[in-house]
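Asks: There's a structure below that I have some questions on.
The values are calculated or read from the model by the stated rules, or taken from the named source; none is laboratory data. Keep in mind the model is a prediction, meaning the values are calculated, not measured. Don't worry about glycine lacking a Cβ; one is built from the backbone with ideal geometry, like all the others, and counts go over all protein chains shown. Areas reflect the complete protein model, heavy atoms only, side chains present, ligands, DNA and RNA absent. Shrake-Rupley method; radii C 1.70, N 1.55, O 1.52, S 1.80 Å.
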Protein chains: 2
Amino acid sequence: MNKQSLKQSSEQSFILKGNICYSKSREELACIEQGFLVCVDGVSQGVFRFIPEEYKELEVIDYGDSIIIPGMNDLHLHAPQYTFRGTGMDLELLDWLETYTFPEERKYENADYAKRAYSFFAEDLKNSATTRAVIFATIHVPGTLFLMDKLEETGLKTLVGKVNMDRNCADFLSEQTAEASLEATRLWLEQSAGRYRHTAPILTPRFVPTCSDDLLKGLGQIQKEFGLPMQSHLSENLSEIEWVKDLCPWSTCYGDVYRHFGLFGTPEKDSLSLPSSLSSSEPLSSSESLSLSLSESNAKSIMAHCVYSSEEEIDLMKQHGVYIAHCPQSNSNLASGIAPVRDYLNRNLNVGLGTDIAGGASLSMFRCMADAITVSKLRWRLVDQSLKPLTAEEAFYLATIGGGSFFGKVGSFENGYEFDALVLDDSRMRTAEKLSLKERLERYIYLAEESGKLIGKYVGGKQIF
Amino acid sequence: MNKQSLKQSSEQSFILKGNICYSKSREELACIEQGFLVCVDGVSQGVFRFIPEEYKELEVIDYGDSIIIPGMNDLHLHAPQYTFRGTGMDLELLDWLETYTFPEERKYENADYAKRAYSFFAEDLKNSATTRAVIFATIHVPGTLFLMDKLEETGLKTLVGKVNMDRNCADFLSEQTAEASLEATRLWLEQSAGRYRHTAPILTPRFVPTCSDDLLKGLGQIQKEFGLPMQSHLSENLSEIEWVKDLCPWSTCYGDVYRHFGLFGTPEKDSLSLPSSLSSSEPLSSSESLSLSLSESNAKSIMAHCVYSSEEEIDLMKQHGVYIAHCPQSNSNLASGIAPVRDYLNRNLNVGLGTDIAGGASLSMFRCMADAITVSKLRWRLVDQSLKPLTAEEAFYLATIGGGSFFGKVGSFENGYEFDALVLDDSRMRTAEKLSLKERLERYIYLAEESGKLIGKYVGGKQIF
C-alpha cells in the first residue's frame, strides 16, 4: 500500500487504486483494471480510469495488483450460535433447535459466557468479508446489549435483534408470556436508544412456532410505534410449515401470519434500478438518489430461507417488498432443501444472501456465494430444469447490492453509494498464465478461504483495517 | 513442538503425542485425548494411553493440544487443471471439457508451461492435507514425467497417469491413432521405470468417449504385461452415458466397456476388515496382515464419479473390486448430480473421495469430506429418502481408510498401517466452552479452510513438514 499523497483529505475522503469489480446489474459485472475509486465523505463518487481534476488533491491509496470490490452484506445469521458452528450437523431443523441450539442459547443468560462468546464473534466478523449484517441475538436483554456494544466497536454496520419466543420451546429459553416478552423488548429498545452509531435494533420474533398470536400482535404494535425493521424465518422446512398450519389454522400461508400482525413490511413503491453508463474520466455511472438510510428502512422485513414458499406466499412477499435471505449452506446442512432463487429473481423479488450461522458453518460470504451457485445447479439437475442455475455474476450481485439495498444505497461503487469496500489479495492463487480480472474474481469466490487474503476493509468510508 | 528425547530413534521411528482421532470402522471414530502414537520404521504400532516399555527410548514429539489424524487420500484429480480451478464453472461436463479443459491441457505440450504450472500444483499439494493421491496428467509424455519428478520431490505417495485419448476431441489434444497413443504410453512407462520411490504410473484412458476400442484393447494388453493399476471416469453425466451407448452398442453398460478390455480390475478375494479392540497401554488394536503395497495393487481400478451407475454396473464394480472415487464438489459444479454413496456403502463397495480438480475447485480433502456429507443430505431430501445422509464419521472414514486402502494398509493408526499423519491446529476456532475431541474434529472438517491450520504432515513415516 503506497500513499501517494496526503494532501487535503479528510479521514473519509480518499481514492483507492487497484483492479475494481462491482455489479452494474444482476447480470453485468464492471471490471476495471487499475482504476481509481473515489470516496468523498464516506460516499462513492464512482470509478474512473484517470483521476478527475476535482479529486486531484485526495490521498491515493495504491493497492497494486489487488482486487477491490464492494463490501458483502449478510442478511441472516445468529451470533449466539457462532461458537458451536460446524458441530451437531446431523439433525433436521426442529430437532436441531431442540437438541443443540436452544441449550446453547440458554447459556447467554450468563453474562460472562455471553461476553466471552460474543467477543469472539464480533472479532471474527470484523475480520471477515462482511461489512453489514442482520443478526439474531437471544431472548436475553443484557446479552443482546453487550453484543451490540461489541459490534459497535467493530465499525461494521449491523442490525441486531433481541429474540422473542413465548411458546413451544423448553422453559429455560421461553419468555413464558407475551407480556413478559414484549416488556423485555421495550426495555431493550429503551436501553439501546441513542447508544450506537453503527448498530441498530431490529424486531426479531424467532419464528411463528415459538411466538403466540398475542406476542406477534404486540410486536406489530411496537413496530408501528418505533418504526423498526423486522426479521424472522419463513418456510424453511416442510415439518415447520405443517406445524404453522396447525398453530394458525386461520392463515392462508405461513407468511400470512406475519402479514396479519403487521410484521411483513409495507408495500414498496420503487424498485432498485441502476444505470449502466461507463466512460473514461467520467464517473462510471451516476444514479438517481434513492438513498434509504437505516432509519428510513423501518417498514422493511427480512425473511430467512423461503425454501418452500407457495404461490400465495410469493405474491405476498412481492406485494410487501419482503427481503428473502437465501441461506444455501444452512439449507443443505439441515437437509431443508434448495430455495428456488431463480424463480424469485425472475419475479423481481428482493433477494440477498445469508450465512445463517450456525445452520451454516461458514462465516464467509464468499463461501456463501459459491454455495448459492452450487445448490442452484443441483436444484436445476434434480428438481426443476426450467430454472437455470445462478451465475457467478448473479451471486456477486446478491451478496453486494441484493442484500445491501436493505440498508439503503449500499453494495455498489456507482456514484452516490455508501462507501463499503474490500481489498482482496489473490497472489497465492497462482496461475501459469495471466487471467482476466473477471476470471480472478470468479476464482476468488470459490477459493477465498483456501488461498485468498482479505487485506483491506472499508465501511461507510471508514477504514476497518 | 517439544522434542522430549532424541535417544535411539531412526528418522522414521518416533512417537507423536497429542489428541488422536482415527477410524476404527465406517461408523466408529476412536478419539484419544493426549495419547501416544508410535511409529517404527514408517509403520504405525498403534495408539497408547502411556508409552509402552519397548518404545521408551523413542523420541517423543509433543504436539500439545493439536489434533493428530491419519493422512487424506485423494482418489481423483487432474494436475493440469489445477491452475485454472475455480474459473469457467458455468457449463456441464461435455461442453466444459471442450470449452475450457481441452484447450488448457493442450498447453502442457509446451515444456515451460508444464514446468511452471506443475510446480505450483506439486508445491500446493505438498502443503495440503493430502498424503496420497491418484492423478491424471495429460497426453504429453515429457510433461507427465516432469509432473512425476516434481511429485517425487514432495515425498507424497502418488500414482500418476499419462492420459490416453485418440478420438472425439480437438486435433490438438488427440493422439490421432490407437497405435500412437499406445506407443507413447510404452515410452512413458520405459522412461519412468526405476526412476521413483514415491511415485508410480497408473494407466489412464481419459474415458470411453475419447478412447477407441483399439486403444482400450491395447491398454488392456499393457495392463497385463506391466501389471499396472488403472483409472478412468464412469457414469458421471447423463449425456456422457448416452454417448457411450452409441459408441459401444455391444456393451451392457458403460462400465462393461472397461471390463470388456480388461481394464476394470480383477475380482477381489478379501474385503478390508478392522478389529476394534481398545485398551490402555496396549496397542489400541492390532489387525491381521493385509498389506497391499503399491506394486501389489496392480489389478485395481479407480472409477471416478459413478453418479448414475445402473444395477448391472454396480454388480460389475462389486465383482471386480472397483474403487469408486466420489467427487461431490465436481458433481455439483458441473451440475452432474449426486452419487448414491449410501447405496454403495450398503453394498460394501470400495469407496473413497476425490477432489477432482478442476471440476472441483478446492484441493482440500476436508472440504471434500464436508461436501460429501452436504450433498448426501440434499440427495436424501430431493431424490431418495431411503438412503440416509452420510455422517461426519463416515466421511472421515472415506477420506482416510476408504481411499487409503487402494494404496494398501493405509488410512488408519491401527498396528501395522503405513504411517501417514496430519497435525491440525484448531486454536483459531474459538469456543466459549470446551468441546469434546470428536466435536473438535467435526468442526475442523467444516472449517478447515476458514480457520484451521495444518502444522504437521507425515507420509510413510517421513516428516513432510
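Asks: For residues that are open to solvent by 10 Å² or more (accessible area, probe 1.4 Å) and within 14 Å of chain A (Cβ to nearest Cβ), scanning just the stretch B:294-337, find the one that is nearest to B:Ile135 (Cα to Cα).
Replies: B:Gln329
Asks: Tell me, please, whether a residue that is aromatic (Phe, Trp, Tyr), assigned to a helix (DSSP H, G or I) and within 24 Å of A:Gly337 (Cβ to Cβ) can be found in the stretch B:373-387.
Replies: yes
Asks: Could you tell me whether B:Gln176 is touching a Gly at 6+ places or on another chain (Cβ under 9 Å) and either modelled with pLDDT of 95 or more or closer than 30 Å to A:Leu378 by Cβ (or both)?
Replies: The answer is no for B:Gln176.
Asks: Tell me which residues, restricted to the stretch A:350-372, are part of a loop (DSSP other than H, G, I, E, B), more than 13 Å from A:Leu75 (Cβ to Cβ) and of a type outside the set (S, T, N, Q).
Replies: Result: A:Ala358, A:Gly359, A:Ala361, A:Leu363.
Asks: Go over the candidates A:Arg430, A:Arg440 one by one and state the one that is facing another protein chain (nearest Cβ under 9 Å) and without any contact (Cβ under 8 Å) to a residue 12 or more places away in the chain.
Replies: The match here is A:Arg430.
Asks: Sticking with this one: Where residues in the stretch A:97-128 are closer than 30 Å to A:Val423 by Cβ and open to solvent by 10 Å² or more (accessible area, probe 1.4 Å), which of them is nearest to the other protein chains (Cβ to nearest Cβ)?
Replies: Out of the qualifying residues, it is A:Phe120.
Asks: Looking for whichever is in a helix (DSSP H, G or I) and within 14 Å of chain B (Cβ to nearest Cβ) here; the options are A:Ala395, A:Ala399. Which one fits?
Replies: Sole residue among the options that is in a helix (DSSP H, G or I) and within 14 Å of chain B (Cβ to nearest Cβ): A:Ala395.
Asks: Can you tell me which residues in the stretch A:119-142 are among the charged types (D, E, K, R) and either part of a strand (DSSP E or B) or under 15 Å from the mean Cα position of the chain (by Cα) (or both)?
Replies: Result: A:Lys126, A:Arg132.
Asks: Related question: Pick out the one residue from B:Lys7, B:Lys17 that is surrounded by fewer than 24 Cβ atoms within 10 Å (Cβ to Cβ) and modelled with pLDDT of 95 or more.
Replies: Result: B:Lys17 is the single residue among B:Lys7, B:Lys17 that is surrounded by fewer than 24 Cβ atoms within 10 Å (Cβ to Cβ) and modelled with pLDDT of 95 or more.
Asks: Could you say whether any residue in the stretch B:143-154 is modelled with pLDDT of 95 or more, in a loop (DSSP other than H, G, I, E, B) and open to solvent by less than 30 Å² (accessible area, probe 1.4 Å)?
Replies: Within the stretch B:143-154, none of the residues are modelled with pLDDT of 95 or more, in a loop (DSSP other than H, G, I, E, B) and open to solvent by less than 30 Å² (accessible area, probe 1.4 Å).
Asks: Examine the stretch A:25-48 for a residue that is of a type in the set (Phe, Trp, Tyr) and touching a Pro at 6+ places or on another chain (Cβ under 6 Å), and state whether such a residue exists.
Replies: Within the stretch A:25-48 (the criterion being of a type in the set (Phe, Trp, Tyr) and touching a Pro at 6+ places or on another chain (Cβ under 6 Å)), the answer is no, since none of the residues qualifies.
Per-residue answers, yes or no, for (1) of a type in the set (Lys, Arg); (2) over 20 Å from A:Thr266 (Cβ atoms); (3) out of contact with any Ser or Thr (no Cβ under 7 Å at 6 or more places or on another chain); (4) open to solvent by less than 90 Å² (accessible area, probe 1.4 Å):
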position	(1), (2), (3), (4)
A:Ala178	no, yes, no, yes
A:Leu182	no, yes, yes, yes
A:Pro205	no, no, no, yes
A:Ile222	no, no, no, yes
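Asks: Which ones in the stretch B:403-416 are part of a loop (DSSP other than H, G, I, E, B) and either of a type in the set (A, V, I, L, M) or surrounded by fewer than 24 Cβ atoms within 10 Å (Cβ to Cβ) (or both)?
Replies: Correct list: B:Gly408, B:Lys409, B:Val410, B:Gly416.
Asks: Being open to solvent by 10 Å² or more (accessible area, probe 1.4 Å) and within 27 Å of A:Asp171 (Cβ to Cβ) narrows it down to one of A:Leu58, A:Leu94, so name that one.
Replies: Sole residue among the options that is open to solvent by 10 Å² or more (accessible area, probe 1.4 Å) and within 27 Å of A:Asp171 (Cβ to Cβ): A:Leu94.
Asks: If you take the residues in the stretch B:81-96 that are in contact with a strand residue (DSSP E or B) (Cβ under 6 Å, 6 or more places away or on another chain) and not in a loop (DSSP other than H, G, I, E, B), which one is farthest from the other protein chains (Cβ to nearest Cβ)?
Replies: So, considering only residues that are in contact with a strand residue (DSSP E or B) (Cβ under 6 Å, 6 or more places away or on another chain) and not in a loop (DSSP other than H, G, I, E, B), the one farthest from the other protein chains (Cβ to nearest Cβ) is B:Gln81.
Yes/no matrix, rows are residues, columns are (1) in contact with a strand residue (DSSP E or B) (Cβ under 6 Å, 6 or more places away or on another chain); (2) surrounded by fewer than 20 Cβ atoms within 10 Å (Cβ to Cβ); (3) free of Cβ contacts under 8 Å to residues at least 40 places away in the same chain:
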position: A:Thr131; (1), (2), (3): yes, no, no
position: A:Leu173; (1), (2), (3): no, no, no
position: A:Arg186; (1), (2), (3): no, yes, yes
position: A:Thr210; (1), (2), (3): no, no, no
position: A:Glu225; (1), (2), (3): no, yes, yes
position: A:Gln231; (1), (2), (3): yes, no, no
position: A:Asn237; (1), (2), (3): no, no, no
position: A:Trp243; (1), (2), (3): no, yes, no
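Asks: Kindly evaluate B:Lys377 against the criterion of being closer than 27 Å to A:Phe121 by Cβ, of a type in the set (D, E, K, R) and either out of contact with any helix residue (DSSP H, G or I) (no Cβ under 7 Å at 6 or more places or on another chain) or within 9 Å of chain A (Cβ to nearest Cβ) (or both).
Replies: yes
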